[in-house]
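Everything on this sheet refers to the single structure shown next.
Any read-out appearing in this document is the output of simple, stated calculations on the displayed coordinates, not a laboratory observation. Remember, predicted model here, so these are calculated numbers, not experimental data. Cβ placement follows ideal geometry from the backbone for every residue including glycine, while neighbour counts extend to all protein chains displayed.
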Amino acid sequence: MNPVILEAMQSCKIDSASVLKTWKEIVEIESFTHNREGVSLVCDFIRSELEILGVRTKVIEFDKVGPLLIGEYGEGDLSECILLTGHMDTVFKEGFIKENPFRVEDGKAFGPGVLDMKGGVNLIFYILKLLKALHYTKPIKIIISGDEEHGHEHSNQGQLMLEESKGCKLAFNMETGLIGNSITVARKGRIACRVATKGKSAHAGANFSDGINAIHEMAYKILEIQALNNKYKDVTFSVGTIKGGTVANAVPDYAEIEIDVRYNDVDIKETLIEDLKQIAQTSKIQGTTGELFIDGGFPPFSNKLNQRAYEFVNAISVKNGLGETEAIHIGGSSDAAFITIAGVPCLCSMGVKGEWNHTNREYALVDSAIERIVLITDAILESEKVKSFLV
Ligand SMILES: [Zn+2]
């Protein structure tokens, strides 16, 4: 590992124990994505940690969701600015921490959001602490969103991240790191949508023939939507939830499904929506109606800008004895999409490494925290030698 960084780590007293202390604190402030107050409390914590390090912060509040935090460290030209991004919300409801408290067992840290992605946000404090100790004064921007886990459905935080990213030199999204030393350079886009069908309710015994069954109609639609999986290369359609009807002895007048669509090519998005709309609006059961609702999603995170940045960070990893990395494309979406749309090369999955995010088995490897702090700090120091990462 870079001896200059190792020496600074010693003088700043950065080690697994110190990293775990704030990691525990941040995990213990529960911040379910739909709990505005919880997310705001995490934002307060992050803000105060950043301000101690001399970061100038700004918090943008939203009515329905947690805030967006923007921080600026150092001075200088925007073209020299390194961007560190993340999100402070989790998928775990308040109270889950009681059954899954923050703890370390066999080198693995557990707790709600320990991996996705409080572990990654926590690294930002130590990267900045090291850079400060090393008298690094070039600009660094920090953007942390408060509603990533539900796709910024009730806010324009994705768009704000895009605007705030513009002109930066290189970005690291501190998302869930992957076991096996991979760095994410591309992710599929996502469309989150629903189809609802309406029919006519009637008593299933006394007035069966007066009813128009909305669930029956939905059954046809589900088969048609799932069949779209055979139509396009690298596009997936998954009906994820279903609800409808009220009681068994009434013909149901309403049914609803939620659909998750993943795609690579931004140009195909409208065609996919049109296909779903056709299915939603074309009835097989006479008298039913159907409608498609688009609830949110993410654009694809493109790898087009990221090759040079990836090669650069891979070389830093090898130089520090952290091994060769692998550039991968994955299905899950992230805020990295907005950054590449802004024209900034961005590497994703740069947070602590682990597995099973979004489940009660979620864990992060404690040792990966120090590895990632060294990797990203050295990459920032070395980035001064590169004029631009755009190929
Ligand atoms: Zn995440």
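What is the local net charge at residue 14, summed over the other residues whose Cβ is closer than 13 Å to its Cβ (Lys, Arg +1; Asp, Glu -1)? Spell out each step's value before the answer.
Numbers: positive: 13, 21, 129, 132, 372; negative: 7, 15, 371.
Neighbourhood net charge equals +2.
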Selection of trypsin sites (Lys or Arg not before Pro), the stretch 196-264, meeting DSSP coil and at most 14 other Cβ within 10 Å: 231, 233
- prompt: What list do you get for 13, 284, 118 if you sort them by fewest beta carbons within 10 Å?
  reply: 13, 284, 118
Stretchable slack from residue 28 to residue 223, in nm (0.36 nm times residue separation minus alpha-carbon distance): 65.9 nm
task: Provide Rg and Dmax in Å for the stretch 189-298, with only Cα atoms included in the calculation.
output: 15.1, 52
message: Please compute the alpha carbon radius of gyration of the stretch 1-151, then divide it by the globular-protein estimate 2.2 N^0.38 Å. Two decimals is fine.
response: 1.07
- prompt: Just for the chain, what percent of DSSP beta bridges are antiparallel, to the closest 5?
  reply: 70
query: Which whole-number percentage describes the relative contact order of the stretch 189-298, with Cα contacts under 8 Å and a sequence gap of 6 or more?
result: 42
Residue pairs, from the table 138/385; 21/98; 58/387, whose Cα atoms sit over 23 Å apart: 58/387
query: What is the ratio of the Cα radius of gyration of the stretch 123-199 to 2.2 N^0.38 Å, where N is its residue count, to two decimals?
result: 1.53
query: Could you give the Stokes-Einstein D for the chain in µm² per second, using the C-alpha Kirkwood radius, 20 °C, 1.002 mPa s?
result: 96
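Just rank 247, 185, 104, fewest to most, by other beta-carbon atoms within 10 angstrom. Intermediate results must be reported in sequence, preceding the final value.
On the way: 247 8, 185 26, 104 17.
The order, fewest Cβ neighbours first, is 247, 104, 185.
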- prompt: How many lysine pairs are close in the stretch 189-298, with Cα atoms under 30 Å apart and the two 8 or more places apart or on different chains?
  reply: 29
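Once you list every other residue whose beta carbon is under 14 Å from the beta carbon of residue 289, what net charge do they have if Lys and Arg are +1 and Asp and Glu are -1?
Spelling it out: positives minus negatives among the neighbours equals +1.
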message: Taking 0.36 nm per residue of sequence separation and subtracting the Cα-Cα distance, how much length would be gained by fully extending the chain between residue 37 and residue 15, in nm to one decimal?
response: 4.8 nm
message: Whole angstrom only: what separates the Cα centroid of the stretch 169-185 from the Cα centroid of the stretch 340-391?
response: 4
query: Measuring from centroid to centroid over Cα atoms, what is the spacing of the stretch 198-252 and the stretch 57-82 in Å?
result: 45
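Order of 81, 12, 346 from fewest to most other C-beta atoms within 10 Å?
On the way: 81 21, 12 15, 346 31.
Least to most surrounded, the residues fall as 12, 81, 346.
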